[in-house]
Structures are given as structure tokens and as C-alpha cells.
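Structure, as C-alpha cells:
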Amino acid sequence: MRLLPFDYATRNLGRSPGRLVLAVLGSALVVLLVIASAAFVRGMGSSLSLPEENSNVIFLGAGSEESVERSEVSTRAAEVVATLPSVRTRLGERYVSPEVHIALAIRTEESQVEGRLTPVRGVRPTAYLVHSQVHIVGGRTPTPGADELMVGGLVGGQLGVDASRLALGKTLLIDGRPWSIVGHFRAPHTVMDAEIWMALTDLQVVGQRDDLSCVVVTLDPALGDFTDAEVLAAQRLDLELTAMREVDYYGALARFYAPIRAMVLVTASLIALGGILGGLNTMVAAFAARVREVGTLQVLGYPRRAIILSFVQESVIVAATGALIAGVVGKLLLDGIAVRFSMGAFGLVVDAPVLAIGIAAGIILGIVGALPPTLRCMKLPVGQALRG
Amino acid sequence: MRGLIMFSVLMATFAFAGCTTKDSAPKPGGAAGGVSSGLPDGIMLSSAPADAKPLGEVKKSAKKGDKVTFVARVGGTKHPFVDGRATMIVIDSSLAACDALEDDDCATPWDYCCEPRESKTANSATVQIVGDDGKPLALSLKGQGGIEELVTITVVGVVTEKNDEGLMVVNASGVHVKKG
Amino acid sequence: MSLIECRQLTKKYTRGDNEIIPLDELDLSIEAGAFLALMGPSGSGKTTLLNLIAGIDRPTAGELRVEGTDIARLSRSKLARWRSTHIGYIFQLYHLVPVLTAYENVELPLLIQPISRKERHARVAQALELAGIADRHDHYPRQLSGGQEQRVAIARSLVTDPPILLADEPTGDLDRASSKAILELLLRLNTELGKTLIIVTHDPTTTHYAKETLHLEKGRLVSEAPPALAAEVKSAGDGRGERDA
């Protein structure tokens, strides 16, 4: 096809710098929203999904398959579970982590308002073996009985406080009692990143309970599989246990939160649609001013398709530029931001697929935004367009 | 932006809190009903043994090593079968399954979620069919000879594990499935 | 056969309840090498006729042959291609693309021709030279006077070397001196290059340059300008030409 030079599109953009800036910012805003939504869905999804090779099994109280915080498991059960032959062992250490999970109202020393419910996990040192995603990035693990705790990377966002308030040596208040922060850990893209960890016995005291919430074990695939854990739970009816793959546990949670994802996507689509309509309005005005130019180009022998393509090029350049800006802004400002939800918090994830979605949305915005006004422009007979 | 996300999350949490999840019904698995495959010959009984007692009654007095014959229903937990192992959980027939109650739309009535946990534990047993190594056979019992959730079965076997906290494992040598 | 043949050429359209007939069964033959001035009051059908010959508009009835081709029967895309090689069109308001330089504006019609970059360059340079605006080739339209803009527009219409040049009030927006210069340029294109020129105009001075002047009224040719029209032509000659509706 005989085309207008690409230059033609780019130079035309320079005609009205004010409008250009507005158009770029407008599309950047729409794309940023799309990126934020995608980052939300992806962040939530990745916090609830585990790597395929994860061979962890959670033993929960029977009937509490949906929520570890409601689950009760006896200390004796933990001892029995530890005897499961297929549990992984390294250097004599068995990968068995008895845990207590409680959501507690936590506030910083400086804060006067009531604390926010934050998931707290009481652990033994074996927890760091079983949960290999957890990396201590500062300080050390809490010592039992010393009123110490360790905070995950998203706890600041979860509590709504600046990171400096959670520095090593700072104090968090639980029920008015001070606990000092002795460690920082990260467990990116997992629910643990939004948790506070302390010694198992300490949390049992705080929560006034003498049992556990769950026992998490890592199986050694060479020694046995999940079925062994299931058989153990089925045989030991006295322990009232249910065995679940950790992957399945979070999979069920992810399904539970699927409606939220859908709602976010719908909201984002509606706003994007609004953005497109607003963009259309601008484009209609911008292109209407150019009917005579369209007429002239047709008189010079340019086929309509070439003219449409050139106008779409212009619009796509604008939208793609906006999308790039949105991508940079999204990566810098949104990536890792904590979003609170009922079970803690997760971080927005702005990664390559999310950015790709944003850029694609920008390009679609450009095409969809330009076509209707361009086609409308083209409908006018040439003779009339020349006079227009 | 953040506000919007927060708002959506809040709304969705309200809208879906308290809902029961109904997607956890066990998938049909194992051999087709009526056909016993992989089980040792003679395990599936064609007629019910005459001297069977209710499981609850048997459990009260049984000791490790006792030979027992009892009647019970498959269930007492959400997943009474272990996929890939000849192990299942049964419960005394006198307890009420959730579908026996009016106005109940429970998707997994065999979990007896309406019974107190202590009562379930006291009236349940683990039934397994073991191989020469003493471990459950590597097959699912679901579907074998009509074994499904909530069917009534009569079990003949030996108690291999028992304690007063609720533990009772029976290695079955014969199972009869009540038809209808 | 004549270069342009119109037989019973009619254009009608309805606007609201009114039927408007800008051209009414017009018979007209224009020979190759003609320099024709089309005059007439507003709404007399001058621009309509020009647009039909250019293939910008389609007749409602009748026949229109240009170089033997019945252009009314060409598809839209074929017509666009035909136009790009046969017709040069000059507008009253030049219609240059503001973001392109004079050179690039003239080059625009050539970009859809299958010719080499080198030949394109040569032809653009030649057209700018012919139009007497070569020294302003790197200027943008906003940096040019009206007369200079029209020279660029004429160079653009020439660059594809079409046999027919159509001009719609080419001097309508120019002062007297510029008008004269443009008309002299057009005359030179007619006499030296043999281009067939058809000019729609209100400007009576055009008739001094044209070899033939035709008057249209209510969509038909009239042999002579009626007194009223002559008066209008006289008054319009000094200032801006009225646009033809």
C-alpha cells in the first residue's frame, strides 16, 4: 500500500504541544490504572501461589481447612507428625515446624490510635528450614522469652507506618506491652512478607493458648509423598488432623479471593473505558480540525487507508508514549506497595508481564481512540472536506 | 488509586465473608462401582456378617489385637478417602450426617460437621486394607464394590492401633457394602 | 476527441426538502492545451464542475470522459490513483501541510508514485524551479507569504507532471501584485509546458490571461455574462473572491 511517511505522523504531533502533553498524560493515566490493576491481581495471585516444587504439607485441625487462624492442633499431634518417615531431614534436623497463627492488634510506640490487626506467627527455629522463602535481611531471629519479634517486608505497609518506625531496636505494642524489633525478614510474593514472627512459646503466652495452629513439614520426595501424610491424618483420628499440601491451601485461598480480582478487573476496565471515551472526545476535536487536510491528501491521490493509518500512527505514538511513562512511574511508585486485605497484606507486583499488559493497553487505547474520529472524518465527501 | 483498591477489597470481603465454599466435593476416583480391582480376593463380601455391632459400641471395649465385626457409614470427615491408598474413615451409623437435617444445603454432608468434634472422634475408626508389608495397598477404596461416602458398610478385621483418645485403626479382612 | 468531454453532465443532491442542482445537463468539450476561465455567480456550479473533472465528486447523471476514460465508472481507489497522475489541483487557500517544508509539501504527491528517491528529488527540484520558489524550499508554510505559498502549491500540482491543472480561485486570497504573478506563472505553464488549465475564478483579470472564458449560471452555460454578473465580477476583482458554494 502507498503510505504516508512515518514522519508525517510524528511531525503532526508537534503542531499543538499543549494538546500533545495533555493527550500523553491522559493515556499515561489510563495505562497507569491498568498497570495498577494488573499489579494488584498479580501481587495477590503470587502471594497465594507457591513454587511447583514446594513439597510442604500443612497439618491443620480437622474442619479448619479454610483458615489456619481458626485451626487448633495439639502439641502431641506435632510430636506424632514429626515421626512421619517421609519428612525431610538435614544434619539431624527434621523439617517440622509447629506454628501458632494469630491476628493481633499491633501499633507502633508513636501511634496513638488503636492498632491494626496484623498476622503474627509463632515459630521454632525449624520454621526457617521449612519456609525457605524467608530470608533474614537484618538483625537476628527473636529469642524466646525476651519480648522480641521480627517483621516482614510488607509490615510497614500493613500497619500504615513509615519503614523508619520499624527499624531494628524500635518497639511495637501488643496489648500495651512493648516488644522490641530485633530482625527484618523478606519473603517476597508470599503472605509471610506481611507477617510478624516471634518465638512460638511467646505467642502462645500472648494468645493464651497451649496448643498449635498447624504443623508445617517439608517432605523428602525420595522418602515418600503427600499420600503418607494423608494416611497419617486418616489413621490418627485421635489427633483430629487434616493434611493439606501447602500449594492447595493457598490455592483454595486464591479461589476464595477470586471475586475480588474479578471486581478489580471490572473496575479497571470501566475506568479504562471512561479513559477511552474521554480520549475519543479529544481526538474527535483534534481530527475535526483537520478535515481539510484529509481532503487535500485524498486529492493528491492518497488512498483512505493510508490516511487512516497515518492518523492511527499518530494516536498510537501518543498512547504508547503515555504507556511508557506509566510503565516507568508504575515500576518506580507502585512496585512492592503493600495492599492490606483481610488476611494480611500483599505487595503490588509490577514485573515484565504486567508492564507488557500496560503497554498493550496503551497501544489498544491508541488504535481504538483514533479509529472512530478518523473514520468519521473520512466519511465526509472530499469536495465538502476541502471547504471544511 | 490506593483508595480504590482498598475500597474494592473491602467490598469484596464484605460480600464474600461467611459464604461456604462448595467447590471442595471429592472428585470421583478409583475403580467403577461394583468392580473390585486390585483388592485381594475375598475382601468384598457378598452377604453381611451376622454378628455385626454398631461401631460406637465396638470401639468402647476393643483392644489392640481384637478381632472385630461392626457396622458403620463412610464419613466423619471432609475427605474420608485417601487418594491412592486403601484407607478410609468410617463413623457410627447413629450419628446424624448433615443431609439428615432439614434445610441443610451442605455440599459435603459426609463430614458430619453438625456433630461435636468429640462425639465424632469417639465414634470413628480408620479402616484399611493392607498388603504383606503391613502398609495400606496403593489404591483408592472409593468406588470399590460400591464404596462411596455415606454408604453403610460392615467391616470384619483386626484392631491394630487403639488408644483412649480416639485412635482406632482396623485392618479389614472383609467388607460388605449395604445396597440401596 | 477532446481531452475532456461532458455530455448531459448533471449533479443533484437534496438538502432537507430542497433539491439542489448545481449542474444541469451540461454539454462541454475542452481541448488539450486549453486555458479556460470558468466564471459565474456563487452557486452557479463552477466548483462542482471542477470537482467532477478532478474525480473528487461523482456526477448524478450524464457522461464525463477525460482522455477517453469514463472516470465516473472508476472505483474510489482507482480514481485516487488516476487522479494522482492526471490531475494537478490548486486551491484558493493553498492547503499546504503546515508541518512540512515547501520541499516536502511538493514531494508529498510523489511519495505514492513508484519512482526512485533520486528521480523524486530531481522532479521536486524542477517543480520548485518552475514555480519560481526554489530558494524557499526549506521554509515552512508559516514562513511564506500568500503568493509564495501558492507557488509551492502550484509546484505540488505540477510535480507529478499531470496533463490537466485545475485551479479553484487560485488568486482569491492574494493581493493584486501576487495575483498577477501567479496568473503569469499559470499562463507560462500553459504555453510553455502545454498544460491544460481550467480556472474557476471571480477575478476578471484572469480572463485577460485565459484563452477562453465560460460563464455558468444555475448549472448551465450562458453565452455571455449578464449585466448583473458583470457588475459582481467587477466588484469582486479588487478584493477577495467569494467562495463558490
From the list A:213, A:269, exactly one residue is of a type in the set (S, T, N, Q), within 29 Å of the chain's Cα centre (by Cα) and away from every other protein chain (no Cβ under 14 Å). Which is it? A:213
Exactly one condition in (1) assigned to a helix (DSSP H, G or I); (2) modelled with pLDDT of 85 or more is false for residue A:150; which is it? (1)
Subset of the range B:149-164 (residues that are farther than 13 Å from residue B:175 by Cβ and under 13 Å from the mean Cα position of the chain (by Cα)): B:149, B:150
Out of all the residues in the range A:58-93, which are hydrophobic (A, V, I, L, M, F, W, C) and either in a loop (DSSP other than H, G, I, E, B) or away from chain B (no Cβ under 13 Å) (or both)? A:58, A:59, A:62, A:68, A:78, A:81, A:82, A:84, A:87, A:91
So residue C:213 clears everything in (1) hydroxyl-bearing (Ser, Thr, Tyr); (2) buried (at least 16 other Cβ atoms within 10 Å of the Cβ); (3) over 22 Å from residue C:93 (Cα atoms); (4) at pLDDT below 90 except one condition, right? Which one? (4)
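Counting only residues that are over 20 Å from residue B:39 (Cα atoms), touching a helix residue (DSSP H, G or I) at 6+ places or on another chain (Cβ under 8 Å) and within 14 Å of chain A (Cβ to nearest Cβ), how many does the range B:119-165 have? Explain how you work it out, then say what you get.
Taking the range B:119-165 first, the residues over 20 Å from residue B:39 (Cα atoms) are B:119-125, B:150, B:161-165.
Then drop every residue that is not touching a helix residue (DSSP H, G or I) at 6+ places or on another chain (Cβ under 8 Å), which leaves B:121-125, B:150, B:161, B:163, B:165.
Filter again for within 14 Å of chain A (Cβ to nearest Cβ), leaving B:121-125, B:161, B:163, B:165.
Residues flagged as over 20 Å from residue B:39 (Cα atoms), touching a helix residue (DSSP H, G or I) at 6+ places or on another chain (Cβ under 8 Å) and within 14 Å of chain A (Cβ to nearest Cβ) within the range B:119-165 amount to 8.
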Take residue C:136 and tell me if it is of a type in the set (Lys, Arg), buried (at least 18 other Cβ atoms within 10 Å of the Cβ) and in contact with an Asp or Glu (Cβ under 8 Å, 6 or more places away or on another chain). no
Failed condition for residue A:163, given (1) within 28 Å of the chain's Cα centre (by Cα); (2) in contact (Cβ under 8 Å) with a residue 12 or more places away in the chain; (3) more than 27 Å from residue A:220 (Cα to Cα), with all others met? (2)
Looking only at the range A:257-266, which residues are in contact with a helix residue (DSSP H, G or I) (Cβ under 6 Å, 6 or more places away or on another chain) and facing another protein chain (nearest Cβ under 8 Å)? A:259, A:260, A:263, A:264
Residue pairs meeting the criteria (Cβ under 8 Å; at least 6 apart or on separate chains; first within 14 Å of another protein chain (Cβ to nearest Cβ), in the range A:12-23; second of a type in the set (Gly, Ala, Ser) and outside any helix (DSSP H, G or I)): A:20/A:14
Residue satisfying condition, being in the same structural domain as residue A:117 (by TED's automatic domain parsing), in contact with a helix residue (DSSP H, G or I) (Cβ under 9 Å, 6 or more places away or on another chain), small (Gly, Ala, Ser) and at pLDDT 90 or above, within set A:194, A:229: A:229
Selection from the range B:130-148 of residues that are of a type in the set (Val, Ile, Thr) and more than 8 Å from residue B:175 (Cβ to Cβ): B:130
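Looking at the range C:141-156 only, could you name the residues that are farther than 13 Å from residue C:185 by Cα and in a helix (DSSP H, G or I)?
If the condition is that a residue be farther than 13 Å from residue C:185 by Cα and in a helix (DSSP H, G or I), then C:141, C:142, C:143, C:146, C:149, C:156 are the ones that fit.
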Being charged (D, E, K, R) and at pLDDT below 85 narrows it down to one residue among A:290, A:305; which is it? A:290
If we keep just the residues of the range B:107-118 that are under 24 Å from residue B:62 (Cβ atoms) and exposed (fewer than 15 other Cβ atoms within 10 Å of the Cβ), which is nearest to the other protein chains (Cβ to nearest Cβ)? B:118
Look at residue A:96 and say whether it is within 30 Å of residue A:275 (Cα to Cα), crowded, with 21+ Cβ neighbours inside 10 Å, more than 11 Å from every other protein chain (Cβ to nearest Cβ) and at pLDDT 85 or above. no
Among the candidates B:129, B:147, B:153, residue that is out of contact with any Asp or Glu (no Cβ under 8 Å at 6 or more places or on another chain), farther than 21 Å from residue A:227 by Cβ and either hydrophobic (A, V, I, L, M, F, W, C) or surrounded by 20 or more Cβ atoms within 10 Å (Cβ to Cβ) (or both): B:153
Checking residue C:24 against (1) within 14 Å of chain A (Cβ to nearest Cβ); (2) not in a helix (DSSP H, G or I): exactly one of these is not met. Which one? (1)
Take the range A:108-157 and flag every residue that is farther than 23 Å from residue A:218 by Cβ, charged (D, E, K, R) and within 24 Å of the chain's Cα centre (by Cα). A:116
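Condition (residue is out of contact with any strand residue (DSSP E or B) (no Cβ under 9 Å at 6 or more places or on another chain), basic (Lys, Arg) and within 13 Å of another protein chain (Cβ to nearest Cβ)) applied to the range A:282-300: is it met by at least one residue?
The answer is yes; a qualifying residue exists.
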Tally, over the range A:94-126, of residues that are under 17 Å from residue A:245 (Cα atoms) and either of a type in the set (D, E, K, R) or in a strand (DSSP E or B) (or both): 4
Return the residue satisfying two criteria in turn: it lies in the range C:108-125 and is within 9 Å of chain A (Cβ to nearest Cβ) and in a helix (DSSP H, G or I), and of such residues it is surrounded by the most Cβ atoms within 10 Å (Cβ to Cβ). C:109
Within the range C:69-94, track down each residue that is more than 13 Å from chain A (Cβ to nearest Cβ) and touching a Leu at 6+ places or on another chain (Cβ under 9 Å). C:70, C:71, C:72
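Report the residue count in the range B:57-106 for those that are more than 13 Å from every other protein chain (Cβ to nearest Cβ) and at negative phi.
Pass one, the range B:57-106, residues more than 13 Å from every other protein chain (Cβ to nearest Cβ): B:57-58, B:60-71, B:73, B:93-97, B:99-105.
Imposing the further condition that a residue be at negative phi reduces the set to B:57-58, B:60-64, B:66-71, B:73, B:93-97, B:99-102, B:104-105.
The number of residues fulfilling the criteria is 25.
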Cβ-Cβ below 7 Å, separation at least six or inter-chain, first residue in the range A:205-231 and under 23 Å from residue A:145 (Cβ atoms), second among the aromatic types (Phe, Trp, Tyr) and modelled with pLDDT of 90 or more: which pairs? A:214/A:59; A:215/A:59
Going by the structure shown, is residue C:58 within 14 Å of chain A (Cβ to nearest Cβ), surrounded by fewer than 20 Cβ atoms within 10 Å (Cβ to Cβ) and within 17 Å of the chain's Cα centre (by Cα)? yes
Those residues of the range B:156-166 which are hydrophobic (A, V, I, L, M, F, W, C) and surrounded by fewer than 19 Cβ atoms within 10 Å (Cβ to Cβ), in sequence order: B:158
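The values are calculated or read from the model by the stated rules, or taken from the named source; none is laboratory data. Computed from a predicted model, the values in this text were never measured in an experiment. Cβ coordinates were reconstructed from backbone atoms using ideal geometry, including for glycine residues, and neighbour counts include every protein chain displayed.
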